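Beneath this line is the structure, given in structure tokens, with notes to follow.
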Amino acid sequence: MKIEDEIKTTKQLSRRQSAVLNIIFTASWLENIITRRLKPFGITHQQYNVLRILNGSAPKGLTVVDIKSRMLDRESNVSRLVDKLHDRQLIRRIVDDYDRRKVQVSITESGMAMVQEIARLNLVDDSTMPGVHLDDHEVDTLASLLEKLRETGVGELT
């Protein structure tokens with residue numbers, strides 16, 4: 001469905017306006033799908049992103065700053081996400097002996113089990129994600145165009 005129909009506008013949009021609105025609308029749509037799939041686990045997509053990052057760095061762990069630099073949503077309050085995951089015993093914090101301000105965060109066995117369970121259920125797997133009807137060339141083109149869009153930096157907020 002065209003974006004103009006989705007957002008029910010009668011205003012004529014320029015090609016670039018239509019493209020940007022399509023990206024925003026589609027990002028929200030994808031986020032809602034992932035949120036629904038993660039709901040049975042009681043975690044948000046941002047929390048899942050933290051768990052996946054920590055799972056990939058296991059057993060070493062990362063600092064909150066390192067986690068934030070790897071987040072998909074870099075505006076996330078990583079400290080709050082870490083607190084919530086810690087409360088559920090999905091991650092652990094290790095305070096540096098020499099600098100108490102430095103905290104290493106690592107995933108627990110329970111956190112790893114949750115990430116593995118989500119992977120086992122294919123909730124965020126290629127075969128169950130939106131876009132399975134796109135061929136490899138279309139997927140590559142889409143990814144390339146989105147990367148090119150971000151590379152321009154025009155209008156970037158700092």
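Taking Leu51 and the conditions (1) more than 18 Å from the chain's Cα centre (by Cα); (2) within 25 Å of Leu121 (Cα to Cα); (3) of a type in the set (A, V, I, L, M), which numbered condition does it fall short on, given that it satisfies the others?
With respect to (1) more than 18 Å from the chain's Cα centre (by Cα); (2) within 25 Å of Leu121 (Cα to Cα); (3) of a type in the set (A, V, I, L, M), Leu51 is out only on (1).
Only one residue in Ser106, Ser110 is within 19 Å of the chain's Cα centre (by Cα), under 23 Å from Phe41 (Cα atoms), of a type in the set (Ser, Thr, Tyr) and surrounded by 11 or more Cβ atoms within 10 Å (Cβ to Cβ). Which one?
Ser106
Scan the stretch 147-158 and report the pairs whose first residue is under 15 Å from Ile24 (Cβ atoms) and whose second residue is modelled with pLDDT under 60 and not in a helix (DSSP H, G or I), with Cβ atoms within less than 9 Å and a gap of 6+ or a chain change.
Within 9 Å, the pairs are Arg150/Glu156.
Any chance you could count how many residues in the stretch 36-46 are exposed (fewer than 14 other Cβ atoms within 10 Å of the Cβ) and in a helix (DSSP H, G or I)?
So the answer is 3.
Here's the yes/no breakdown for (1) without any contact (Cβ under 8 Å) to a residue 12 or more places away in the chain; (2) in a loop (DSSP other than H, G, I, E, B); (3) in contact with a strand residue (DSSP E or B) (Cβ under 8 Å, 6 or more places away or on another chain); (4) small (Gly, Ala, Ser):
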{"site": "Leu85", "(1), (2), (3), (4)": "no, no, yes, no"}
{"site": "Val105", "(1), (2), (3), (4)": "no, no, yes, no"}
{"site": "Ser110", "(1), (2), (3), (4)": "no, no, no, yes"}
{"site": "Val139", "(1), (2), (3), (4)": "yes, no, no, no"}
{"site": "Leu145", "(1), (2), (3), (4)": "yes, no, no, no"}
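Tally time: how many residues in the stretch 80-103 are at pLDDT below 90 and either surrounded by 13 or more Cβ atoms within 10 Å (Cβ to Cβ) or of a type in the set (Asp, Glu) (or both)?
5
Could you say whether any residue in the stretch 6-20 is part of a helix (DSSP H, G or I) and in contact (Cβ under 8 Å) with a residue 60 or more places away in the chain?
Checked the stretch 6-20: no residue is part of a helix (DSSP H, G or I) and in contact (Cβ under 8 Å) with a residue 60 or more places away in the chain.
Could you please give the count of residues in the stretch 55-71 that are assigned to a loop (DSSP other than H, G, I, E, B) and either surrounded by 12 or more Cβ atoms within 10 Å (Cβ to Cβ) or assigned by TED's automatic domain parsing to the domain that holds Ala27 (or both)?
3
The values are calculated or read from the model by the stated rules, or taken from the named source; none is laboratory data. This structure is a prediction, so every number in the text was calculated from the model and none was measured. No Cβ is skipped: glycine too gets one built from the backbone with ideal geometry, and neighbour counts run over all protein chains shown.
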